[in-house]
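Quick notes on the structure that follows.
The values are calculated or read from the model by the stated rules, or taken from the named source; none is laboratory data. Owing to the predicted nature of the structure, the values given are computational and were not obtained by experimental measurement. Backbone-built Cβ (ideal geometry, glycine too); neighbour counts: all protein chains shown.
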Amino acid sequence: VEMLGGELDERFYIKFAQFEQRQKEMDRAQAIYKLALDILPKGASDELYRAYVSFEKQHGDRDAIEEVVLNKRRFIYEESIKKNARNYDVWFDYCRLEESCGDVGRIREVYERAVANKPPVLQKRFWRRYIYLWIYYALFEELQTGDVEKARAVYDKLIQVVPHKQFSFAKIWKLYAEFEVRQLNLDRARMIFGRAIAECQKERIFLDYADLEMRLGNIDRCRKIYAKFLEAHPQNPKAWNVYIDLEDSVGELERARALCNLAVEQERLDMPELVWKRFIDLEVSHDEPDHAREVWLRLLNKSSHVRVYIAYSEFEAQTCESMPRCREALERGVKHFKAENRGDERAMLLEHWLKLEREYGEEQSVEAIEKRQPKRVKKRRTVPGETAGQDAYEEYMDYVFPDDKPEAQNLKILEMAHAWKKRKLGGPA
């Protein structure tokens, strides 16, 4: 066997072990099986492995049988890895298997082999699973072996491996910083977050860093972090709102109000309604309805969206309990949409008005608004045909508002008839 070990196949070792079994030399038979499994390549020893499992079930003790089962699972994982070394799910299972066995050397070996298989392309979705191999590796070193320096080295290597210029993961920076906090190395944790801000400036990193400083009670540091957040993401409403929340939480109303004013004056802001809402909520929470009303009116001067009118009217009716101001706001909205000939918005506002009158108004005011509700009617309009003189018609739904004067409605009908006749004759009527 020593001379020809590399040339012998599994059948030879099976027969050799079976010979020793017949001679009642169980220890020798077991040794032959183990030697053969070590020598032969895993892809060429399926039959040998089955024979060994059968042998251990018949003659081995419980520990030996468990070892066989573990080896079988290892064999399956190794075969899967041969087919696809970047099948990270297999690596996770393999690492968990070794962790359950408790052999630190084996565990580290499997983790090192696993993390060596980086994704071949620089696209974030392919890296999401991969980085968790590093994370579990670092947690194993910290929590299972207690080797702080080894865990730190794993985190350092992970930070080096991820291509932060293309994409990054806020989670790995947070975990690394929290690891240093557990070691009571606050300066190291701050350095990690500072490096993260310098390299990738992800929103989550600013929030996690500020959360750490908030837990430590460092308000001034939080302010500096949020100021950096605003520098990096001035168009992000969350950057403004979290800063406002901070000042509000520490009782700095004037600071919070100043930030709100700066935020709503930004020319470019994603979803500005979030900042306006925060401004209004700030004033309401501090029992400043007059200031809140001023903010609403500033918003109406900037935006004439029907939802703004609806929200403002609810503020007056519910928060301020002022139906006269509520009616004034709704009347302003109705006139605005009437002037712009936007029937849908006008009808929506009148419907909302009726709802508020029924909840907070009086019987007379309810009746007055009921009379102003529009009716939906079916109308026809011409659609230019493909050839001259072959116009088609289509039906559509429109609103008829009682507020509109009959003369105005008749004039509109005459204008439509005139336009139709002009198209029909192909010239002036």
- By residue number, the members of the stretch 48-107 that are under 23 Å from residue 12 (Cβ atoms) and in a loop (DSSP other than H, G, I, E, B) are 60
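Each row is one residue, and each column tells you yes or no for (1) at pLDDT below 80; (2) among the basic types (Lys, Arg); (3) closer than 21 Å to residue 79 by Cα; (4) surrounded by 16 or more Cβ atoms within 10 Å (Cβ to Cβ).
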| site | (1), (2), (3), (4) |
| --- | --- |
| 17 | no, no, no, yes |
| 27 | no, no, no, no |
| 37 | yes, no, yes, yes |
| 40 | yes, no, yes, yes |
| 68 | yes, no, yes, yes |
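Kindly check whether there is at least one residue in the stretch 110-127 that is touching a Pro at 6+ places or on another chain (Cβ under 7 Å), under 21 Å from residue 177 (Cβ atoms) and without any contact (Cβ under 8 Å) to a residue 60 or more places away in the chain.
Yes, because at least one residue in the stretch 110-127 is touching a Pro at 6+ places or on another chain (Cβ under 7 Å), under 21 Å from residue 177 (Cβ atoms) and without any contact (Cβ under 8 Å) to a residue 60 or more places away in the chain.
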- Matching residues in the stretch 275-319 - criterion: being of a type in the set (Asp, Glu) and in contact with a helix residue (DSSP H, G or I) (Cβ under 6 Å, 6 or more places away or on another chain): 283, 316
- Task: Of all residues in the stretch 262-282, count the ones that are of a type in the set (Asp, Glu) and crowded, with 21+ Cβ neighbours inside 10 Å.
- Result: 0
- Restricting the stretch 186-229 to residues that are small (Gly, Ala, Ser) and farther than 20 Å from residue 160 by Cα, which is modelled with the lowest pLDDT? 217
- Task: Considering every residue within the stretch 166-177, establish whether at least one is surrounded by fewer than 19 Cβ atoms within 10 Å (Cβ to Cβ), among the polar types (S, T, N, Q), out of contact with any Leu (no Cβ under 8 Å at 6 or more places or on another chain) and farther than 16 Å from residue 204 by Cβ.
- Result: no
- Would you be able to say whether some residue in the stretch 185-197 is touching a residue at least 40 places away in the same chain (Cβ under 8 Å), out of contact with any Lys or Arg (no Cβ under 8 Å at 6 or more places or on another chain) and surrounded by fewer than 20 Cβ atoms within 10 Å (Cβ to Cβ)? no
- Among the residues of the stretch 301-348 satisfying the criterion of being loosely packed, with under 15 Cβ neighbours inside 10 Å and touching an Asp or Glu at 6+ places or on another chain (Cβ under 9 Å), which is modelled with the lowest pLDDT? 303
- Item | Residue ranges of helices (runs of 4 or more DSSP H) in the stretch 224-319 with at least 1 members farther than 26 Å from residue 340 by Cα | 237-249, 253-264, 273-285, 289-302
- Item | Total residues in the stretch 360-372, condition touching a residue at least 12 places away in the same chain (Cβ under 8 Å) and surrounded by 12 or more Cβ atoms within 10 Å (Cβ to Cβ) | 7
- Item | Lone qualifier among 209, 226, 155 - being of a type in the set (Ser, Thr, Tyr) and within 30 Å of residue 90 (Cβ to Cβ) | 155
- Task: Could you please tell me which pairs satisfy a Cβ distance under 6 Å, a separation of 6+ or placement on different chains, a first residue in the stretch 336-356 that is of a type in the set (Gly, Ala, Ser), and a second residue that is part of a loop (DSSP other than H, G, I, E, B) and buried (at least 17 other Cβ atoms within 10 Å of the Cβ)?
- Result: 347/374
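Looking only at the stretch 88-100, which residues are surrounded by 16 or more Cβ atoms within 10 Å (Cβ to Cβ) and not β-branched (Val, Ile, Thr)?
Initial filter on the stretch 88-100 (surrounded by 16 or more Cβ atoms within 10 Å (Cβ to Cβ)): 88, 90-91, 94-95, 97-99.
The answer is 88, 91, 94, 95, 97, 98, 99.
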- Task: Would you tally the residues in the stretch 214-247 being in contact with an Asp or Glu (Cβ under 9 Å, 6 or more places away or on another chain), β-branched (Val, Ile, Thr) and buried (at least 18 other Cβ atoms within 10 Å of the Cβ)?
- Result: 1
